[in-house]
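**Student:** The structure is given below, and queries will be raised subsequently.
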Amino acid sequence: MKIQTTRKANYDHNLGCKLDSHMINGQGTGDVSKLKYGLFHMSYNGCEVISVYNALCYIGKPQPLQDIAFYLEKYRVLMGVFGCNVFRLGKALKKYGAAYERIDEIGTTPAFIVSFWTGKPFRSAIHTVFCTQDHGRIRIYNRYNSCKTIRYVDSPEQLLKNRKPVVVYAIKK
């Protein structure tokens with residue numbers, strides 16, 4: 001009997017889930033919550049995968065979420081307990097043809113992926129979201145696990161709650 005790797009088993013499982021091809025909000029809701037990444041369902045640790053998916057949809061190069069998850073499984077942290085290595089998201093963006101630049105500050109960047117600590121650094125989780133910005137407002141996709149809608153803030157400071165970002169990728173259209 002052949003033993004499948006978690007990566008392949010997750011991919012096979014994820015192919016059985018039907019998803020609409022639109023921006024994803026609320027990773028803990030709907031069919032996306034049933035997908036697997038590492039040892040868990042994406043409702044627990046899928047924010048990095050979802051942020052790349054949303055960025056690709058935004059630039060008009062959508063890819064199946066299952067394929068992005070399969071690719072990023074190579075960069076999961078502790079079998080996905082801590083999601084994906086946020087410093088490797090650029091590899092997925094490049095693989096799927098997205099132009100991006102790693103930057104230090106959000107500023108007035110029109111579209112970006114940002115990873116940030118949800119509480120005290122190294123004592124809390126990291127959350128990663130895709131955002132767009134215009135007219136001084138920031139649209140946040142997948143802001144919270146159970147939030148099915150886009151959230152808005154007026155500044156990067158509100159988004160990050162006055163913390164420094166862990167990493168920011170400016171997405172170019």
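Nothing in this text is a laboratory measurement; each read-out follows from the coordinates by a stated rule. Bear in mind that the values here come from a model prediction, so they are computed numbers and not experimental data. For neighbour counting, all protein chains shown are included, and Cβ atoms are generated from backbone atoms with ideal geometry for every residue, glycine included.
**Student:** From the residues Ile150, Trp117, Phe40, which one has its Cα farthest along the dipole of the chain in the positive direction, the dipole being from +1 and -1 charges on Cβ of Lys/Arg and Asp/Glu about the Cα centre?
**Tutor:** The one lying farthest along the dipole's positive direction is Phe40.
**Student:** For a quick check: with amide H placed at 1.01 Å from N, whose amide H comes under 5 Å from Lys36's, ignoring anything fewer than 5 positions away on the same chain?
**Tutor:** For Lys36, the qualifying residues are Asn14, Met42.
**Student:** So, one more: Using the crude model of +1 on Lys and Arg Cβ and -1 on Asp and Glu Cβ, and no other charge, please compute the dipole size for the chain relative to its Cα centre, in debye to 20. Could you put the intermediate results ahead of the total?
**Tutor:** Details: 26 positive and 12 negative charges, 74 e Å.
Dipole size: approximately 360 debye.
**Student:** Hey, rough spin-label estimate for Lys74 and Ser146, points 7 angstrom out along Cα→Cβ, what's it come to in nanometres?
**Tutor:** Distance between label points: 3.7 nm.
**Student:** At 7 Å along Cα-to-Cβ for each site, give me the label-to-label distance between Lys120 and Gln158 in nm.
**Tutor:** Those two pseudo-labels are separated by 2.8 nm.
**Student:** Loop-only check: which chymotrypsin sites (Phe, Trp or Tyr not before Pro) in region 32-79 are DSSP coil with at most 12 other Cβ within 10 angstrom?
**Tutor:** Passing sites in region 32-79 do not exist.
**Student:** Tilt of helix 6-15 relative to the longest C-alpha principal axis of the chain, in degrees (0 to 90, nearest 10)?
**Tutor:** 80 degrees
**Student:** Determine the relative contact order of the chain: mean sequence separation of Cα pairs under 8 Å and six or more apart, normalised by residue count, in whole percent. Intermediate values should be presented prior to the final figure.
**Tutor:** Values: 348 pairs, mean separation 42.3, N = 173.
Worked out over the chain, it gives 24 percent.
**Student:** Right, something else. Between [x] 9, 34, 33, 17, 7, 1; [y] 10, 38, 41, 11, 0; [z] 11, 42, 36, 10, 1, 0, which matches P(r) over Cα pairs in 10 Å bins from 0, in percent calculated for the structure shown?
**Tutor:** [z]
**Student:** Let me ask something additional. Which of the lysines could be linked to Lys95 by a straight reach, that is with a Cα gap under 27 Å, when you skip same-chain ones fewer than 8 residues away?
**Tutor:** Lys8, Lys18, Lys34, Lys36, Lys61, Lys74, Lys172, Lys173
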